[in-house]
Amino acid sequence: MTQPGTLYGVGVGPGDPELLTVKAARLIAETEVIAYYSARHGRSIARSIAAGLLREDHLHEPLVYPVTTEGTDDPAGYEGVIRQFYDDSAQRLAVHLAAGRDVVVLCAGDPMFYGSYMYLHERLAHRFPAQVVPGVTSVSAASAVLGRPLVERDEVLTILPGTLPAEELARRLADTDAAAVLKLGRTFDTVRAALLDAGRLPETWYVERATSPQGRQTPLAEVPAEDVPYFSLALLPSPTSAAARGASPRPDPVPVGEVVVVGLGPAGPRWLTPEVARALREAEHLVGYGPYVDRVPVRPGQQRHTSGNQVETERAAHALELALAGARVAVVSSGDPGVFAMASAVYEVATAESRFAGVPVRVLPGLTAAQAAASRIGAPLGHDFAVLSLSDRLKPWPVIEARLAAAAAADLVLALYNPASASRRWQVGVARDVLLRHRDPKTPVVVARDVGRAGETVTVATLADLDPATVDMRCLLIVGSSTTRVSSRGDGSVAVWTPRTYPG
Ligand code: SAH
């Protein structure tokens, strides 16, 4: 029996023939059959990179794509046509392999990095010996031609195909240190819009055919879409090096000294916005209540200033002081920083002391606890609602009672923050009694504790049965209106929801 040939997926690198590995060059020289994908016009980028190594006596197997754009009249659609094409291509190579001939498939860049070689590998590697020879990727090439570090220290690099929807591109671009967006060409307008949306356009470079003689690179903002071929990428290099060397094409003026008041969301990284994540990374100082600062991963070089939860003014002053001295400061709140949290405290101090008048203050929103709690039980906030803090630490209790009564009389759903604490024990009971003067005793009350955190519990009581002993500082209460409903679902769960419409 003939010994079968070996399939080699060989990366030929980004363009410069000298960037083929020694191994790739040897395999091309030693192997009988050379295969490569090409478009219908017959040109193949991978073959042209390896052209200097190809000989007359090589057996060529061009694998010509039946469709180059996603338009096809075939009833099987684009996916079907392409699958058939890979099946046929694999079959053609299988004939050589079965006859004992080795086959090299030339792949631009690296075979397993968005490469079509992988579709041959998955069809053939279980039947014949197969080996992948890695190649220099376009991403490495782009950072090399720019002479800019891609990522350093603990920075994160995100690789994105430009074919993603603009919103997803923007979300991921906002949430990374460095990025490469591949598959430009027809996607260019979308990619550019996403970079702009994510605030990253000024730092981004356009790199075309990196390391090849036709290569060029310019700030991406200056490139007209009609000039962009598929063989190009967008590169957002390491932000550290940009800041250190002032080497960004159009650097955003780095705001020297500012206070950014951020909301971490109610719990966990899923409820932290990319914008806040970025502000936390860029800050030189974190200022906040201890347990909130503890939720932010430690970053080398970043200073953390924690304090107790009753010293908001001092904390705000400290943050402004640091910013006045030129530092970038993030003040952290849980949930949203504007809801019973640090944003107001910062403005209060910034306004009271004239020396802080020139310190820039920005507020970045976060998901507030009421939203998280509501989502866990259905849609209790689906109609008009009021948000109140039951804490009488910063306002007199009679004001709270009057507001509760007014909101209840107006038939608003109520989201009650800070319902109780270790020292504020009687308030929930009194609030319940005030509400009972205006609301049916059967009104549903959602008691949401530690939403999104370990030990989360979300229970539904009636207003009459609400037990204040079950409520503490880690709870949020949602009290229904006259139209709020409790429904049993088929899976045994209970949903609390308030209709969008109101009778009358
Ligand atoms: N800025 C925060 C609110 C701070 S007041 C925000 O927008 O969410 C603190 C109160 O928020 C707590 O007493 C509790 O009522 C509520 N809270 C915050 N996180 C919560 C969570 N994960 N689960 C339940 N309640 C929460």
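The values are calculated or read from the model by the stated rules, or taken from the named source; none is laboratory data. Note that the structure is a prediction, hence the values are computed from the model and not measured. Note that each Cβ is placed from the backbone with ideal geometry, even for glycine, and that neighbours are counted across all protein chains shown. Accessible surface areas use protein heavy atoms only, side chains included; no ligands, DNA or RNA. Shrake-Rupley method; radii C 1.70, N 1.55, O 1.52, S 1.80 Å.
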Handout entry: Subset of region 255-272 (residues that are within 29 Å of Thr457 (Cα to Cα) and not in a strand (DSSP E or B))
Key = Leu264, Pro266, Ala267, Gly268, Pro269, Arg270, Trp271, Leu272
Exercise for the section: Filter region 420-437 down to residues that are in contact with an Asp or Glu (Cβ under 8 Å, 6 or more places away or on another chain) and part of a loop (DSSP other than H, G, I, E, B) and give me whichever is farthest from the ligand (Cβ to nearest atom). Expected result: Ala422
Handout entry: Single condition Gly492 does not satisfy, out of (1) of a type outside the set (A, V, I, L, M, F, W, C); (2) within 18 Å of Ser389 (Cα to Cα); (3) part of a loop (DSSP other than H, G, I, E, B); (4) more than 16 Å from the ligand (Cβ to nearest atom)
Key = (2)
Fill in the blank from the handout: Going through region 192-245 in order, the residues found to be closer than 30 Å to Pro300 by Cβ and in a loop (DSSP other than H, G, I, E, B) are Ala198, Gly199, Arg200, Thr204, Pro237, Ser238
Exercise for the section: Give me the pairs, please: first residue somewhere in region 259-272 and within 16 Å of Val346 (Cβ to Cβ), second residue anywhere and hydroxyl-bearing (Ser, Thr, Tyr) and open to solvent by 40 Å² or more (accessible area, probe 1.4 Å), beta-carbon distance under 9 Å, and either six or more positions apart or on two chains. Expected result: Val261/Tyr347; Val262/Thr273; Gly263/Thr273; Leu264/Tyr292
Completion exercise
Scanning region 90-133 for residues that are over 35 Å from the mean Cα position of the chain (by Cα) and either modelled with pLDDT under 95 or charged (D, E, K, R) (or both), the one most open to solvent (accessible area, probe 1.4 Å) turns out to be Arg127
Problem - Residue selected from region 391-419 under the condition within 16 Å of the ligand (Cβ to nearest atom) and in contact (Cβ under 8 Å) with a residue 60 or more places away in the chain, by the criterion farthest from Thr501 (Cα to Cα) - result: Arg393
Exercise for the section: Check whether at least one residue in region 166-187 is at pLDDT 95 or above and polar (S, T, N, Q), and report yes or no. Expected result: no
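Of everything in region 449-468, what is among the charged types (D, E, K, R) and within 15 Å of the ligand (Cβ to nearest atom)? Give them in sequence order.
Hits for region 449-468 are Arg449, Asp450, Arg453, Glu456.
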Handout entry: Single match in Glu275, Glu348, Glu321 (criterion: among the acidic types (Asp, Glu), modelled with pLDDT under 95, outside any strand (DSSP E or B) and open to solvent by 50 Å² or more (accessible area, probe 1.4 Å))
Key = Glu275
